[in-house]
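One structure below.
The values are calculated or read from the model by the stated rules, or taken from the named source; none is laboratory data. Just so it is clear, the model here is predicted, and its values are computed rather than measured. All Cβ positions, glycine included, derive from the backbone under ideal geometry; neighbour counts span all protein chains shown. Areas reflect the complete protein model, heavy atoms only, side chains present, ligands, DNA and RNA absent. Shrake-Rupley method; radii C 1.70, N 1.55, O 1.52, S 1.80 Å.
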Amino acid sequence: MALFMVVLVLLFILALSICTALLRWNELKFSKKGLPPGTMGWPIFGETTEFLKQGPNFMKNQRARYGSFFKSHILGCPTAVSMDPELNRYILMNEAKGLVPGYPQSMLDILGKCNIAAVHGSTHKQMRGALLALISPTMIKQQLLPKIDEFMRNFVSDWDNKIIDIQEKTKQMAFLSSLKQIATVESTSIAQEFMPEFFKLVLGTLSLPIDLPGTNYRRGLKARKIILTILKQLIEKRRGNQESHKDMLAYLMSKDDNNRYKLSDDEIIDQIITILYSGYETVSTTSMMAVKYLHDHPSILEELRKEHMAIREKKRPEDPIEWNDLKPMKFTRAVIFETSRLATIVNGVLRKTTEEMELNGFVVPKGWRIYVYTREINYDPFIYPDPLAFNPWRWMDKSLESQSNFLIFGGGTRQCPGKELGIAEISTFLHYFITRYRWEEIGGEKLMKFPRVEAPNGLHIRVSFY
């Protein structure tokens, strides 16, 4: 027994020595003169575990120790983290000066090499131009909003006297609404196979790029292959039957002169995945959290309901929400912005250096990621008085939306191109939900705010007619 204890102690000391040596080796590896201060954690894994588990507290602790610009090793990459508002704006506005999108390898692998977040320069302009043409105000008004309205009206039609998981419902809503806009006629037939694979793809993009059985990354890669097959078959079927369609896929496949942005099939597929992915996270989570915050603030719900009842009173029951109805939804827009701010749906954006560069007096080597961490701006009392309060009225002053601190939808050349489409989707969902129903939470369910806003066990509500 005594011998066993001695061996155990020796093994413990050996393991501790190895761990200390590995940590020391990794720090020495990234100890080049002029680098920002900070720690790098373990080889390969870095500080990813601490970053994902501790989230904002990890960032605050590092800033307290090293200042607002520090180094770390997260999501498989050496990374310079910026929590400096002025530096963040500079980085976002100066993509051409040695900075390109720097999304995690898992995201690039799973979303595709042609996805808009992965490309830069002239290719980015081409892909962004094609995307903007799909979601322009004219397209939203004439083609997309009628589809959104029809979908939302039907989607919430049978919720009376039911207990629903609003997290699950808003996920389905965001995905299926986008799919209907992309491939209107075929959306119903492909949704059942497509949706579960898409949810696996999303989880895969937020994982370490370790291709081992059972990992979210492996599941994400497999899901991408299945989705590629579904979309290739859809494109081939469309080419084969020559039927006329009026949806996003039809525009992307069009070869006539009205389509300035001719894309290859691979680019079309990655563009479709990008549209689904980018809209899914923001629309679903903002919708869920809006329902949560409105439940917790009855006076705000009443003000919002008043705005939508005024619109509905001018219509017959079967009349849709139209483009001209969106402009009077000023308080709705304010609720959406305040929900995005308070819940912090997006914590920041990533850039990658294409050359060694100097920022804030420190050297950032070529190939490093720069994490523009914007979360803290959302809680800055100088910008948002009483920042922890849910107060949509603060957004009724339009100047707040135009300030340089307004980074809820990104910034610089990478500001979210689907911002207005997303607002239209959430506004239409809220219109049909709050004018038809009242709801109460079942209660006791935990919300996580980092790295994604989610309710691990769902967010269940009891719904009844208003």
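Qualifying GluC sites (Glu not before Pro) in the stretch 257-353, where qualification requires a DSSP coil assignment and no more than 14 other C-beta atoms within 10 Å, comprise GLU318, GLU322.
Between GLN105 and THR229, the simple label model (points 7 Å from Cα in the Cβ direction) yields a spacing of 2.7 nm. Round to the nearest 10 and give me the degree value, 0 to 90, for the angle of helix 216-241's Cα axis relative to the longest principal axis of the chain. Helix 216-241 sits at roughly 30 degrees to that axis. The angle separating the long axis of helix 330-343 from the principal Cα axis of greatest extent in the chain is about 20 degrees.
Between LYS162 and ASP265, the FRET efficiency estimated from the beta carbon spacing at R0 = 56 angstrom works out to 0.85. Mean residue ellipticity at 222 nm, helices only, the chain: -17000 deg cm²/dmol; runs of at least 4 DSSP H residues each add -39,500 (n - 2.57), and the sum is divided by the number of residues.
Size descriptors for the chain: radius of gyration and Dmax over Cα atoms are 23.9, 87 Å.
Once divided by 2.2 N^0.38 Å, the Cα radius of gyration of the stretch 128-268 becomes 1.18. Pairwise Cα distances in the stretch 85-196 exceed 21 Å for 58 percent of all pairs. Rolling a 1.4 angstrom probe over the stretch 27-465 with all protein chains present gives an accessible area of which 53% lies on carbon and sulfur atoms. Between beta-carbons, use under 11 Å as the cut-off and find the net charge around GLN126, counting Lys and Arg +1, Asp and Glu -1. Result for the neighbourhood of GLN126: +3. Each of MET107, PHE198, SER178 was scored by the projection of its Cα onto the charge dipole of the chain, and the greatest displacement toward the positive side belongs to MET107; charges sit on the C-beta of Lys, Arg, Asp and Glu.
Annotation: lysines with alpha-carbon distance below 24 angstrom to LYS60 (same-chain offsets under eight excluded): LYS71, LYS352, LYS446, LYS449. Its Cα centre serving as origin, the stretch 155-308 has a Cβ charge dipole (Lys and Arg +1, Asp and Glu -1) of approximately 400 debye. Assuming charge only on the beta carbon of Lys and Arg (+1) and of Asp and Glu (-1), the dipole of the chain about its Cα centre is about 760 debye to the nearest 20.
Taking only the Cα atoms of the stretch 255-376, the ratio Rg/Rh comes out at 1.13, with Rh defined as the Kirkwood radius. The gain in end-to-end length when the VAL363 to LYS33 segment is fully stretched comes to 118.0 nm, 0.36 nm per residue minus the alpha carbon separation. Considering only alpha-carbon pairs that sit under 8 angstrom and 6 or more positions apart, the relative contact order computed for the chain is 23 percent. Debye-formula intensities of the stretch 239-318, expressed as log10 I(q)/I(0) at q = 0.16, 0.19, 0.24 Å⁻¹, are -0.82, -0.89, -1.12 (one equal scatterer per alpha-carbon, no solvent). Averaged per residue, the stretch 27-465 has 45 square angstrom of accessible surface, using a 1.4 angstrom probe with ligands and nucleic acids left out. Each of ARG153, ARG239, ARG316 has its accessible area taken with a 1.4 Å probe; listed largest first, they run ARG316, ARG239, ARG153. First check a/c for the stretch 41-149, with a ≥ b ≥ c the square roots of the eigenvalues of its C-alpha gyration tensor; if it is under 1.5, answer rounded, and if not, answer prolate when a/b is larger than b/c or oblate otherwise. Because a/c hits 1.5 or more and a/b exceeds b/c, the stretch 41-149 counts as prolate.
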